[in-house]
Amino acid sequence: TTALVWLRRDLRLSDHAALSVALQEHGRVIPVFVFDRTILDPLPPTDRRVAFILESLKEIQARLREYGSGLVVRIGDPRTEIPGLAHEFQASAVYANRDYEPAAIARDTAIAQSLAGQGIQWVDVKDQVIFERDEILSRQGTPFQVFTPYWRSWLQKLTPVAMAEYPVTPYCRNLARLPAVPLPSLEELGFAPNDETPFTLTVGESGAATLLADFARRIEHYHVLRDYPARKGPSYLSTHLRFGTVSIRQLVRLALANPGEGAECWLKELCWREFYQQLLWHRPDLVEHTFRPEFDRLPFPNREDWFAAWCAGRTGYPLVDAGMRQLNQTGWMHNRLRMITASFLVKDLLIDWRRGERYFAEKLLDFDLASNNGGWQWAASVGCDAQPWFRIFNPVTQSRKFDPAGHFIRRYCPELARLPDSAIHAPWLAAPLELESAGIRQGQDYPHPLVDHASQRQAALALFKAASGR
Ligand code: FAD
């Protein structure tokens, strides 16, 4: 019998649940990918995620050639393309790895129904996470609303079976013989190569393997270095996790093979990813609304000029600006800076967190609806297990603590490079002579601070207090 395996956010050929299961159950398996017009059409032509996907598909295509097989690619709406392909290849089943986002669930449900109408089976399997849906619940049988008990329960359930590899290679003889068909070009998909900001990230399964091998040598220091943006602390694997060019099971196996504080701390971050994905599965309303209903409609003043300055990395707060410029230039931002810039937008500039969430969604190569929404709701103090609203990051204290020598600031705000360490975190406090000898004219070479943190903090506290009824 023939089966299709529909690749989506799982762009790899090893340790792949849907592919492994389909290859074991069918004698002829056809891997397919659909460039989804409904997702691609609203994106700007310079969006770099499409290039990441395309390059990763090329690698898949080349590997499939080794087996005399190939990737079948379509451009269109999967709601019609997938049933169409299943019909064309006379498939008896379509396999896919499960997705937990509300829009993906609606799409998959519609496709499953349409396939059922043709007598074709829809089979979706768990691949993207270690535990899903109702596998981790509180003793009352409800979803956890706090991370720590979720993490404890997750860890307790983590048996070798839960992270076992789904082998593909031994069954590759069941891949369908297919002619080599070239993939569409970026231009054919309506996108332009982005020359202004070249791609710094390694792509495909091979790119993920390179990053992972490098991180494996550093994992023991993760807990110490991960908070310092100028240091090489984290794994930089988020885009690969987002597009599935690496298997989550492989990452968990790596962590367990390197016991220590570094690995445990990293495992916890992988668990946060699942916590937010499964939270969204239980609470699809979080896409639009706050977890804490009392904060859903906070009356933010939302000053447009301040929002534009935040986006451009021109708030006058150096570490905030350096973080935003890292995002704009590379499509990635360090986790500590995501927390600082998000907090600054909401609590210092008093702008609705959804505006920032949307900006990150446009710019982040690793954009993931669940993690982004969870991260923003956390930083804005409106979410599940969020930062308490009365604890507000001080952007200067954070800067002194996490970029003490200003290395990161100097990299992304080169106009401040010659300021001494003592002045780089808050240039407006520098002596005129210090500014002059660093060649900085405040307000011209680098902006005056948009706001005064102390007074904005009071305004934010008043806004939240009024809504919380405390
Ligand atoms: P590592 O530190 O090496 O962590 C390994 C993996 O664990 C990451 O790749 C990621 O998949 C997961 N992870 C780590 N921290 C978190 C976290 N706090 N929440 C959920 N998963 C986590 N992460 C995204 O993948 N996509 C997003 O769109 C996203 N938006 C965010 C928005 C805000 C406001 C905040 C505060 C955080 C956001 N994060 C997001 C989480 C985190 O910042 C990134 O996952 C991390 O910086 C990616 O770098 P890394 O791969 O080197 O991480």
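Laboratory data are not the source of any read-out in this text; all were calculated from the coordinates shown. What you are looking at is a predicted structure, and each value in this text was computed from that prediction instead of being measured. Virtual Cβ from ideal backbone geometry, glycine too; neighbours counted across all protein chains shown.
Considering only residues in the range 314-332 that are of a type outside the set (K, R) and within 12 Å of L450 (Cβ to Cβ), the one that is nearest to the ligand (Cβ to nearest atom) turns out to be V320. Out of (1) at positive phi; (2) away from the ligand (no atom under 16 Å from the Cβ), what's the single condition that is false for G244? Every listed condition holds for G244 apart from (2).
Within the range 220-234, the only residue that satisfies the criterion of being farther than 18 Å from G323 by Cα and within 9 Å of the ligand (Cβ to nearest atom) is Y222. Picking from residues in the range 54-104 that are out of contact with any helix residue (DSSP H, G or I) (no Cβ under 8 Å at 6 or more places or on another chain), among the acidic types (D, E) and assigned to a helix (DSSP H, G or I), the one that is surrounded by the most Cβ atoms within 10 Å (Cβ to Cβ) is E81.
Sort out which residues of the range 303-355 are more than 24 Å from D421 (Cβ to Cβ) and without any contact (Cβ under 8 Å) to a residue 24 or more places away in the chain, and write them in order of number. Passing the criteria: E304, D305, A308, A312, R354. Per the conditions (1) away from the ligand (no atom under 15 Å from the Cβ); (2) surrounded by 19 or more Cβ atoms within 10 Å (Cβ to Cβ); (3) not in a helix (DSSP H, G or I), the sole criterion not satisfied by G383 is (1).
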